[in-house]
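Beneath this line is the structure, given in structure tokens, with notes to follow.
The values are calculated or read from the model by the stated rules, or taken from the named source; none is laboratory data. Please read all numbers here as calculations on a predicted model, not as lab measurements. Using ideal geometry, Cβ is built from the backbone for each residue, glycine included, and neighbour counts are taken over all protein chains shown.
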Amino acid sequence: MIGLIGLGKMGAAMAQRLIECGETVIAWDQDEARIAAAAERGAKRASGPRAIAEGADTVLSIITEDTGARGLWEGKNGFLETDIAKKLFIEMSTLQPMTVRALAGLAAGRGAAFIDSPLLGSIPTVRQGKLVALVGGAEADVTRARATLTHLTARIEHIGPVGAGAAMKLVVNNMMGCYLQILAESLLMGEKQGLSLDRMIEVIGASITATPWFQAKKPVLLGGHDATTLDIRTLRKDILSVVTTAAVAGVPVPAASVTAASMSAAVSAGEGGKDIAELVAYLRATLPQTW
């Protein structure tokens, strides 16, 4: 049986995918409505992290905050309140590497296996089983996890020891966040020079700087709306993790620091729940007043 903690957009899609692949899934989230929705789709209900660890041999977790990830282990009804020897824990949340290594230590102290496996992809790629797993952990534990990860992924990248997957995810998300910042700045500069937004998006789309994300989000960048695949608040959390992780390592990250400030302003203005593509329009409208 596979345990799954975290039934937000990604977690709910993962639960459904695993069930469709023939797995028995026991699931939990702090939000009772999410548990009920997962149960309607075939997942078994759990009363908390402890019950998940007791009922499953492999436990996946995909939540938002580092503090919450620690709470799954050390909090009331957490993993450490039961016997977890020989269980496998796969941490899929986007966390700071230092957090992941601390959790791995807790698992090892109780005789459990642990890997970190944050993911590249969004809801459609979950449903298609085409995520990319960025894995950190011992080879034997990664091998054990492949049977579960294969249901969800097109590629399993074993990056290195525990924490390496988390570090790689921050590398990718830092680039994403800074891309949004520089895109907004570039479009604003062009507008002040008399260029139309439509024309700039068209030309950028034909250039080497047009990422697949850019191509997919053109309608949003032109002022439209789309289903939220990654919201501003969540990416802001990741960029703040980049700044913290870099500071501990003694690495200057001025671009990430500016991006974190911009995203914090957007969240404070009530924009946090919007798709990250909508951050570009927000910054174009507010940068002249904030700098």
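Of everything in segment 97-112, what is closer than 12 Å to TRP73 by Cα, part of a helix (DSSP H, G or I) and among the basic types (Lys, Arg)? Give them in sequence order.
Scanning segment 97-112 gives no hits.
Would you check which residues across segment 58-87 are closer than 23 Å to ARG144 by Cα and touching a residue at least 60 places away in the same chain (Cβ under 8 Å) and list them?
Hits for segment 58-87 are THR58, LEU60, LEU72.
Scan segment 1-57 for residues that are in contact (Cβ under 8 Å) with a residue 60 or more places away in the chain and either surrounded by fewer than 22 Cβ atoms within 10 Å (Cβ to Cβ) or under 18 Å from the mean Cα position of the chain (by Cα) (or both) and jot them down.
ILE5, GLY6, LYS9, MET10, ALA13, MET14, GLN16, ARG17, CYS21, GLU23
Mind checking which residues of segment 172-206 are exposed (fewer than 13 other Cβ atoms within 10 Å of the Cβ) and either touching a strand residue (DSSP E or B) at 6+ places or on another chain (Cβ under 9 Å) or of a type in the set (Lys, Arg) (or both)?
Once the filter is applied, which keeps residues that are exposed (fewer than 13 other Cβ atoms within 10 Å of the Cβ) and either touching a strand residue (DSSP E or B) at 6+ places or on another chain (Cβ under 9 Å) or of a type in the set (Lys, Arg) (or both), segment 172-206 yields LYS192, ARG199.
Is it the case, given these coordinates, that VAL142 is part of a helix (DSSP H, G or I) and either assigned by TED's automatic domain parsing to the domain that holds THR67 or among the charged types (D, E, K, R) (or both)?
Criteria met by VAL142.
Considering every residue within segment 213-229, establish whether at least one is touching a Phe, Trp or Tyr at 6+ places or on another chain (Cβ under 7 Å) and of a type outside the set (S, T, N, Q).
The answer is no, given that none of the residues of segment 213-229 is touching a Phe, Trp or Tyr at 6+ places or on another chain (Cβ under 7 Å) and of a type outside the set (S, T, N, Q).
Whether any residue in segment 117-125 is within 21 Å of ILE84 (Cβ to Cβ), not in a loop (DSSP other than H, G, I, E, B) and not β-branched (Val, Ile, Thr) is what I want to check.
Within segment 117-125, none of the residues are within 21 Å of ILE84 (Cβ to Cβ), not in a loop (DSSP other than H, G, I, E, B) and not β-branched (Val, Ile, Thr).
Do you know which residues across segment 154-204 are outside the structural domain of LEU95 (by TED's automatic domain parsing) and acidic (Asp, Glu)?
Listed by number, the residues that qualify are GLU185, GLU191, ASP198, GLU202.
Being in a loop (DSSP other than H, G, I, E, B) and within 19 Å of LEU279 (Cβ to Cβ): is that true of HIS151 here?
So HIS151 fails the test.
Checking the conditions here, which among THR286, THR229, THR245 is farther than 21 Å from LEU188 by Cβ and assigned to a helix (DSSP H, G or I)?
THR245
Listed here are the residues, each with its yes/no results for (1) assigned to a helix (DSSP H, G or I); (2) touching a residue at least 24 places away in the same chain (Cβ under 8 Å).
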position: ILE159; (1), (2): no, yes
position: VAL162; (1), (2): no, yes
position: TYR179; (1), (2): yes, yes
position: SER186; (1), (2): yes, no
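With the checklist (1) surrounded by 21 or more Cβ atoms within 10 Å (Cβ to Cβ); (2) in the same structural domain as GLY6 (by TED's automatic domain parsing) in hand, flag the one item LYS86 doesn't pass.
For LYS86, the failing item is (1).
Which of (1) modelled with pLDDT of 95 or more; (2) assigned to a loop (DSSP other than H, G, I, E, B) is the odd one out, the single condition THR209 does not satisfy?
Of everything listed in (1) modelled with pLDDT of 95 or more; (2) assigned to a loop (DSSP other than H, G, I, E, B), THR209 misses just condition (1).
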